[in-house]
Structure formats: C-alpha cells, structure tokens
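**Student:** Structure below; questions to follow.
The values are calculated or read from the model by the stated rules, or taken from the named source; none is laboratory data. Every value quoted in this text rests on a predicted model; they were computed, and no experiment measured them. Cβ placement follows ideal geometry from the backbone for every residue including glycine, while neighbour counts extend to all protein chains displayed.
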Amino acid sequence: MRNGLNVTAILIFIALSAISCEKKNVKYEKIDILSLPSQTAKDFTTTYTDSGKMQLVFSAPIMERYEKTDIPYSEFNSGITVKFFDGRHEPVASVTGKYAKYTDSKNLWELQDSVIAINEAGEKLETELLYWDQKKELIYTDRFVKITTDDQIVQGYGLESDPRLSKRRIKNLSAIIYINEEQ
C-alpha cells in the first residue's frame, strides 16, 4: 500500500510538472518607448553662476526630460521656482508656477497655473499662462494679468515685457486701482 501511495504521488508530481511547463501566452500592454522621459530628476536644485557670482537658482519637485521627440523639451509637472540673484547674496526677483515646460530649440519657457513673478522693484505679476522667450528677451501672455505695485493694482488681458518686468505693456487694460490714494 505504501508503494502504491509513492507511485501515485510520483505520477501526480509528473503530471503537475508537465502542466506547469506549458507555454503561457502573457499579453503585455504595448508601451511606446519614445513617449517615456529619457531623464527624470526628483527634488532637484540647479544653480547658475557667472564669473563666480550666483545668477539664478531654480528648483522643482520633479523634472522629466524628453530627448527622443521631434522637438526635445523638459517638463516640470509639479511646478518650478526660480530665484534671480544677479550676483547678489539675496534674491532680487522670483517666478513660480505649478507647471512649466522648457523647449530647447526655441529657448522658450512656458509657465502655467498660478504663475507669480516678482521683479527687483517688488512688483508682482499674476497670471495663468506666461511665456519667456530667451532669444528675444521677451515675456508675454494673452491671458488675464494682474500687476500689483506699491501704489496701484493694474489688470488687463495680454502682456509684453522685458525679462525684468520693468518695460511692460498690457495690451487690453481693464482696470487701474490706486492704493492708499490721498484725497
């Protein structure tokens, strides 16, 4: 009887082994390798200097670099913060946005969603979409903008400016609100 159990156990083992050696057809979802980022950086900070003096520092929770596309670009899906130092010890200006994209070939930055830029004079620009063309040294948008200075709030649609936001023009001015106006 014991031999019968051993033979039965051996036959079951052989049967299970034969079944498990069958070729299985596992279907995997097709992934387009070109749509994946070629580089990813998490919680990073980059410092740019000129002649040993700090010019700007930018940081982001995540950066994805896409080099295998027709037009290579870097994407910052969780936002970006840029602080401009211009060789000083403390930042003189800054810009933040909840999304950013940099296109290499065009030297073009695109910032979206709660974009806030503060210039050297402490003037604050708020908008939902802002482009910075580094080749043309031009900042622009066609969206609603709000600029807050020490003595006024200016609102309108569309903006063109130099990178320092000192020579700016609102295309369709909708309001100027004076703060602390003496009567």
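**Student:** How many of the residues in the range 155-183 are touching a Leu at 6+ places or on another chain (Cβ under 7 Å), under 16 Å from Ile118 (Cβ atoms) and part of a strand (DSSP E or B)?
**Tutor:** 1
**Student:** A follow-up question, please. Restricting the range 70-119 to residues that are of a type in the set (D, E, K, R), surrounded by 14 or more Cβ atoms within 10 Å (Cβ to Cβ) and within 23 Å of Ser166 (Cα to Cα), which is modelled with the highest pLDDT?
**Tutor:** Glu110
**Student:** Pull out all pairs, ordered by first then second residue, where Cβ-Cβ is under 7 Å, the residues are six or more apart or on different chains, the first lies in the range 151-167 and is closer than 17 Å to Asp86 by Cβ, and the second is modelled with pLDDT of 90 or more and of a type in the set (Phe, Trp, Tyr).
**Tutor:** Sorted first by the residue in the range 151-167, then by its partner, the pairs are Pro163/Trp132.
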